[in-house]
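Heads up: the structure comes next, in structure tokens.
Just so it is clear, none of the values below were taken in a lab; they were calculated from the coordinates. Everything numeric in this text was worked out from a predicted model, so none of it was measured. When we count neighbours, we look across all protein chains shown, and the Cβ atoms used for this are built from the backbone with ideal geometry, even at glycine.
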Amino acid sequence: MRVLNIINPAVIEKSIKKLSEVKGAKVVYSEGEISEVHILASDHKSAKQLIRDIESIVMVDHNIKIDHKVISIAQLSDEDLYTDDNSRLVINGFNKNVKNKKIEITNIK
């Protein structure tokens, strides 16, 4: 008999947000697995270390292994993140570059 694991993305997002560098998290669950994890974080740690921290907290809190390839990190300096309670992140535009099956997104200033 097969037991299905039911994953609640909101509960996983709450765990990820316990990391002090993480300011926002969105987990996408489809076809029986976590297919995307989007993170807005401060720039206090490297993206590589943040990904490791996210993998660890989800494993410890939920016993779920996340493939690091599905985690995307957007990092901003603290002064760029939020200036007051009414502030929102605004993206005026971006450039997309695809090379060797990797996508690089850069902000248009």
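Please identify the trypsin sites (Lys or Arg not before Pro) of the stretch 30-78 that satisfy two criteria: DSSP loop assignment and at most 12 other Cβ atoms within 10 Å. Which are they?
Counting only loop positions with at most 12 other Cβ atoms within 10 Å, the trypsin sites (Lys or Arg not before Pro) in the stretch 30-78 are K65.
Can you tell me which lysines have their Cα less than 25 Å from the Cα of K101? Leave out same-chain residues fewer than eight positions away.
K26, K48, K65, K69
Which of V58, V70, V11, V37 comes first, and how do the rest follow, when ranked by fewest Cβ neighbours within 10 Å?
Taking fewest neighbouring Cβ atoms as first place, the list is V11, V70, V58, V37.
In terms of modelled amide H atoms, which long-range or inter-chain residues lie less than 5 Å from the amide H of K23?
Sorted by chain and number, the residues that satisfy this are L40, A41, S42.
Give me D for the stretch 1-78 in µm² s⁻¹, whole number, from Stokes-Einstein with Rh from the Kirkwood sum over alpha-carbon pairs, 25 °C and 0.890 mPa s.
The estimated diffusion coefficient comes to 193 µm²/s.
Evaluate the distance, in nm, between pseudo-label points positioned 7 Å from the Cα of N100 and of K48 along their respective Cα→Cβ axes.
With each label placed 7 Å out from Cα toward Cβ, I get 1.5 nm.
Sorting E104, E36 on the 10 Å Cβ count, fewest up front, what's the list?
With the sparsest Cβ surroundings first, the list reads E104, E36.
About its Cα centre, what dipole magnitude does the stretch 1-78 give when the only charges are +1 on Lys and Arg Cβ and -1 on Asp and Glu Cβ, stated in debye to the nearest 20?
100 debye
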